[in-house]
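Have a look at the structure below, then the notes.
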Amino acid sequence: MAFVNKQGGAEKHETQAGAGLDIDFDPSDPATVKVHYDLSAWTFDQRAELSEALADADLPHAWDGEELLVPESVEDATDAMFDKLEAEIGPFPIGLDDDAESTEFNLDEWTDADRKVLTESLVESEIPHRWTGATVIVAQDAEDAVDDLLDAIESGELMSADPSSEASAPDGVLSDVFLAANKLAKDPFDAKSRTLLIDLNEQIDPKHPPYAFAPRTWSQVVDGVGKIVDRIMADASGDRVDDDGSDRLDESSDVIGLAQSLRELVRPFV
C-alpha cells in the first residue's frame, strides 16, 4: 500500500458523507479532511490506470504532483480500489521516505536490463526503495535481502521472464559466436569466421540478451566479440603494421587468445 496520511477536518464534510450526498471535493479547502497517498514510486502508466479507475468508480480525487488526494469519506473505497488494481496489474512499488534510514547501492556498471530485473525483484519483495540515476536507495533493514538479490542477478539466477520486454538478440547467436570463436582459436585468419563476427558485432547489444540468458554473461559475450573485431579492424586499417612483419604475429596471438576466452565463455550454453 502507498504511504497514507490525513490532513484537515470539518463537521460539514462528515455530515455530507454520512448522509450519502455527493461531495464537491476541493483539495485546497483547509476544512476538508484529506487522505494523501504517496505514489512517487509508481510509474506514470500505473498512476494513469489508477486515475482512470477512480474516475470510473465516481470516487472524488485530485493529484498534487505524484501524490493522490481523496476526501476521508472515500478512504475505504479508495483502499479497495488499490487492492483491486494490485490483483489486476500489481504488485506496486513501495516508495522510500526521504528521511528514512537507508542504504545506497551504486549500480553504474550494471546494464539497464540488470537494473530492470532488480526493480522488479524489489517490487515483488515489497522492499521500500527509490532510484537516483543508477543508484538504488533501499530501507536499511532490507540491506541483507537486497545484497542477496544483487548476488542472484549477477550470477544469472534472476532475470526477466518477459521475452517481449527487450529487443532480442539474433536467433542462434550463441552457436554462431561459439563456432566462429572456436575456428579463430585454431586459425586466427579464417575469413569466414572473421566476417561472421564482424556482422554479429553490428547486430548484438549488451542491453538485449537472448531470451532467458543472464544479462551480465551476455554483456561479457558482446564485449568479447567487440574486442576480436576491434583487433581485426585495426589490422585491416593498417594501424598496426611493422616493417619487419611482426604485427601479423602479434595479431595472430591476440586473436587466438581472445577467441579462446570467448569460446570458453560461450561453451556451457551451446
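The values are calculated or read from the model by the stated rules, or taken from the named source; none is laboratory data. Computed from a predicted structure; not experimentally measured. A quick note on method: Cβ atoms are made from the backbone with ideal geometry, for glycine too, and the neighbour counts reach across all protein chains shown. In case anyone asks, the SASA skips ligands and DNA or RNA and just uses the protein heavy atoms, side chains included. Shrake-Rupley method; radii C 1.70, N 1.55, O 1.52, S 1.80 Å.
Inter-label distance, D230 to Y211: 3.3 nm, where each label sits 7 Å from its Cα along the C-beta direction.
Modelled this way, with points 7 Å down the Cα-to-C-beta line, the labels at E202 and S155 are 4.0 nm from one another.
Note on A48/D147: beta-carbon distance plugged into 1/(1 + (r/R0)^6) with R0 of 30 Å gives a FRET efficiency of 0.30. Shown for the range 173-216 is the translational diffusion coefficient from the Stokes-Einstein equation, using the Kirkwood radius over Cα pairs, a temperature of 25 °C and a viscosity of 0.890 mPa s: 218 µm²/s. Can you give the FRET efficiency for T132 and L85, using 1/(1 + (r/R0)^6), R0 = 30 Å, r = Cβ-Cβ distance, to the nearest 0.05? With a Förster radius of 30 Å, E is 0.65. Relative to the compact-globule estimate of 2.2 N^0.38 Å, the Cα radius of gyration of the range 26-150 comes out at 1.19.
Under the √(5λ) rule applied to the eigenvalues of the Cα gyration tensor, what semi-axes describe the equivalent ellipsoid of the range 98-234? Give them in Å, descending. Ellipsoid semi-axes (Å, largest first): 37, 14, 12. Note on the range 101-162: with neighbouring protein chains present and a 1.4 Å probe, carbon and sulfur make up 41 percent of its accessible heavy-atom surface. With all protein chains kept in place, the per residue accessible area of the range 34-125 amounts to 51 square angstrom at a probe of 1.4 angstrom. Derived from the Cα gyration tensor, the three semi-axes of the equivalent ellipsoid of the range 71-144 are 28, 16, 10 Å, largest first. Between D26 and V270, the distance separating the two model label sites (each 7 Å from Cα on the Cα→Cβ line) works out to 7.3 nm. Shown in residue order for the range 253-260 are the 3J(HN,Hα) couplings computed by the Karplus curve 6.51 cos²θ - 1.76 cosθ + 1.60 at θ = phi - 60°: 5, 4, 5, 4, x, 5, 5, 5 Hz (x for Gly and Pro).
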